[in-house]
Amino acid sequence: MKKKILIFMPSIEGGGVEKNLFIISNFLTKKYKDINLITTSKEYKKKFINIKIISPKFNLSNQSRKIKYLFCLYELFKMLIKRENVLIISFQANLYCILIAKLFRKKILVRSNSSPSGWSKNFLKKILFKLILKFADTVVVNSIEFKKEFKKKFNLSAVNIYNPLNKEEILKLSKKRISFPFFDKSKKSLKIINIARFTDQKDHFTLLRSANVLKKNNINFKLLIIGRGTNYKNMKNYISKHKMSKMIKILNFKNNPFPYLNKSDIFLLTSKFEGLPNVLLEALVLKKIIISTNCPTGPKEILQNGKLGFLCKVGDHMQIAKYIEQCMHKKKKINKIITRAYNSLDRFNYMKNLNKYYLEIEKLY
């Protein structure tokens, strides 16, 4: 019987989860002929090769995630009535997707994207996840620490598959020429970059407070922040209030941020929680020193407990500022760390981890 794959991702927003969606989906087209994607985000259609996009008839781009989930779940319902031998792969709205899959007695592989530490604090929510996740046929997580959290919080055995890292593609994209005077005309400044959605999870205010410490310490730096999100106005207000407009620049989300990352010296991540942050891996490919919060989960695993970069306590802007200053004065030590970190990237090998997805899918057929 012909094997059919149905991928569920209602809202594609351009972050790390989406990068993995594009890579994994397009890889699977080499293994399976009939692949469909349910999403409201029609603008990303060109990112998918030989995949049929199924979307609600209405334009939902300005609607909330919950509205998008509702319409896509209806599309999923319609698809499952028609299809027999179909396997569902869910990247989003996993609990709802599991319930519908089991209603139709379909196999489902769920990919959980961020640490339960960030979304399971609500008691009722934790109970619901514990009850429903066990009905998934396979749950994939993207770090060993993440896998341990699932076992501890939900008594659930998940499969760890690292994010597939395409080093060649990142290096190629990073070579695109851009004119960026903010960095280009600041040869004596320490160039710091952060790439993340402007949400509470990414904790940009710890980032900005650390920049304010650098300013008070008369450190010559330039900080570039790339992204978009609900905290944009508050971030701009903080920068203006503390008179850092000449030191900090915010750019809107970029499909290709790598030329900007390539021009930087330090990559800085201040998240409260993650899964396995792609952007840290991308920074290592471009041989940047990393300063990251030791948030659950991912940074500690990527940076091998601080051997391959600097780890600090979540929310500790003073420690972040201290590490940034160290990067200015201990260049030989920093270069050795960068070399070790780059040489550690084989764990995240592109084809090795994509083939793990294929093997897990084959187990379900």
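Quick look at the numbers
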read-out: D (Stokes-Einstein, µm²/s), Kirkwood Cα radius, region 200-312, 1.306 mPa s at 10 °C; value: 108 µm²/s
read-out: Length gained when the stretch LYS336-GLU43 is fully extended (0.36 nm per residue, less Cα-Cα span); value: 101.2 nm
read-out: Mean separation of Cα contacts under 8 Å (6+ apart) over length of region 1-125, as relative contact order %; value: 28 percent
read-out: Overall Cα dimensions of region 74-189 - principal axes, largest extent first, Å; value: 60, 36, 23
read-out: Computed log₁₀ I(q)/I(0) - Debye formula, equal Cα scatterers, no solvent, the chain, q 0.09, 0.15 Å⁻¹; value: -0.53, -1.36
read-out: Local electrostatic count, LYS106, Cβ distance below 11 Å [Lys/Arg +1, Asp/Glu -1]; value: +3
read-out: Nearest 10 degrees, 0 to 90: helix 317-329 Cα axis against the chain principal axis; value: 60 degrees
read-out: Whole-angstrom gap from region 149-166 to region 227-289, using each part's C-alpha centre; value: 27 Å
read-out: Test item: Cα-centred dipole of region 84-199, Lys/Arg +1 and Asp/Glu -1 on Cβ, debye; value: 380 debye
read-out: Projected label distance in nm at TYR74 and LEU364, using a 7 Å step from Cα toward the beta-carbon; value: 2.5 nm
read-out: Long-range amide H partners of LEU251 with built H, under 5 Å; value: ILE225, ILE226, GLY227
read-out: Helix 350-364 axis, angle to the chain major axis (alpha carbon atoms, nearest 10°); value: 20 degrees
read-out: Percent accessible area from carbon and sulfur atoms, the chain, protein chains only, probe 1.4 Å; value: 52 percent
read-out: Over 25 Å (Cα to Cα) - which of LYS167/LYS254; LYS148/LYS300; LYS222/LYS313; LYS107/LYS202; LYS287/LYS332 fall in this group; value: LYS107/LYS202
read-out: ILE127-ASN255 pseudo-label distance in nm [points 7 Å out on the Cα-to-Cβ vector]; value: 4.6 nm
read-out: Cα-centred dipole magnitude for the chain, charges only on beta-carbon of K, R (+1) and D, E (-1), debye, nearest 20; value: 540 debye
read-out: Sum of side-chain charges, LYS47 neighbourhood, beta-carbon under 10 Å (Lys, Arg +1; Asp, Glu -1); value: +1
read-out: Using alpha-carbon coordinates, inclination of helix 94-103 to the longest axis of the chain, degrees; value: 10 degrees
read-out: Label zone at LYS148, where the point sits 7 Å out along the Cα-to-Cβ direction: region 105-130 residues whose backbone N lies under 18 Å; value: 114-118
read-out: Reduced Cα scattering model of region 148-210, Debye log10 I(q)/I(0), q = 0.16, 0.18, 0.24 Å⁻¹; value: -0.96, -1.04, -1.08
read-out: Cut-off under 5 Å, modelled amide H: who pairs with ASN160 long-range; value: VAL141
read-out: Amide H contacts under 5 Å for LYS107, placed H, 5+ residues apart; value: ILE88
read-out: Share, in percent, of DSSP beta bridges within the chain that are antiparallel, nearest 5; value: 0 percent
read-out: Cut-off 15 Å between beta-carbons: net charge of the residues surrounding LEU70, Lys and Arg +1, Asp and Glu -1; value: +4
read-out: Relative contact order of the chain, pairs being alpha-carbon contacts under 8 Å that are 6 or more residues apart, as %; value: 16 percent
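The values are calculated or read from the model by the stated rules, or taken from the named source; none is laboratory data. Worth saying up front: this structure is predicted, and the values here are computed from it rather than measured. Note that each Cβ is placed from the backbone with ideal geometry, even for glycine, and that neighbours are counted across all protein chains shown. Calculation scope for accessible area: heavy atoms of the full protein, side chains included, ligands and nucleic acids excluded. Shrake-Rupley method; radii C 1.70, N 1.55, O 1.52, S 1.80 Å.
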